[in-house]
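Could you have a look at this structure, given as structure tokens, before my questions?
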């Protein structure tokens with residue numbers, strides 16, 4: 001079975017959002033919203049009211065001169 005929820009995504013901004021009850025996670029790229037909600041509910045024993053997704057692109061890295 002493929003892992004859907006990979007890890008919590010923690011930054012200063014997401015830490016402030018957690019105080020409001022919004023939590024962020026890194027999930028598999030091909031995961032659907034319904035499956036994400038079910039997996040969060042199963043792992044953390046909570047009721048999921050809404051799932052929002054966003055694709056984040058990595059930062060470009062430069063090397064050398």
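The values are calculated or read from the model by the stated rules, or taken from the named source; none is laboratory data. These figures come from a predicted structure and were not determined experimentally. Please note: Cβ atoms are built from the backbone with ideal geometry, for glycine as well, and neighbour counts cover all protein chains shown.
Any chance you could count how many residues in segment 45-54 are within 18 Å of residue 14 (Cβ to Cβ), out of contact with any strand residue (DSSP E or B) (no Cβ under 8 Å at 6 or more places or on another chain) and exposed (fewer than 13 other Cβ atoms within 10 Å of the Cβ)?
Going residue by residue through segment 45-54, those that are within 18 Å of residue 14 (Cβ to Cβ) are 46, 48-54.
Now narrow it down to the ones that are out of contact with any strand residue (DSSP E or B) (no Cβ under 8 Å at 6 or more places or on another chain): 46, 48-52, 54.
Keeping just the survivors that are exposed (fewer than 13 other Cβ atoms within 10 Å of the Cβ) gives 46, 49-50, 52, 54.
Counting residues in segment 45-54 that are within 18 Å of residue 14 (Cβ to Cβ), out of contact with any strand residue (DSSP E or B) (no Cβ under 8 Å at 6 or more places or on another chain) and exposed (fewer than 13 other Cβ atoms within 10 Å of the Cβ) gives 5.
Within segment 24-35, track down each residue that is touching a residue at least 24 places away in the same chain (Cβ under 8 Å), surrounded by 13 or more Cβ atoms within 10 Å (Cβ to Cβ) and under 15 Å from residue 56 (Cβ atoms). Reasoning before the result, please.
To start, the set of residues in segment 24-35 that are touching a residue at least 24 places away in the same chain (Cβ under 8 Å) comprises 27-29, 31, 35.
Still in the list and also surrounded by 13 or more Cβ atoms within 10 Å (Cβ to Cβ): 27-28, 31, 35.
27, 28, 31 - these are the residues of segment 24-35 that are touching a residue at least 24 places away in the same chain (Cβ under 8 Å), surrounded by 13 or more Cβ atoms within 10 Å (Cβ to Cβ) and under 15 Å from residue 56 (Cβ atoms).
Right, another one. Give segment 1-27 a look and list any residue that's within 11 Å of the chain's Cα centre (by Cα) and over 14 Å from residue 51 (Cα atoms), or say none. First the steps, then the outcome.
Kept after step one, since they are within 11 Å of the chain's Cα centre (by Cα), are these residues of segment 1-27: 4-10, 14, 22-27.
Residues satisfying the conditions are 6, 7, 8, 9, 10, 14.
State whether one or more residues within segment 4-19 are surrounded by 10 or more Cβ atoms within 10 Å (Cβ to Cβ), at negative phi and touching a residue at least 24 places away in the same chain (Cβ under 8 Å).
Yes - at least one qualifying residue is present in segment 4-19.
If you don't mind, there's one more thing I want to ask. Of these, 51, 5, which one is touching a helix residue (DSSP H, G or I) at 6+ places or on another chain (Cβ under 6 Å) and modelled with pLDDT of 95 or more? Spell out how you get there, then give the answer.
On the way: 5 fails: modelled with pLDDT of 95 or more.
None of the others qualify; the one that does is 51.
Please count how many residues of segment 14-34 are within 17 Å of residue 3 (Cβ to Cβ) and part of a helix (DSSP H, G or I).
2
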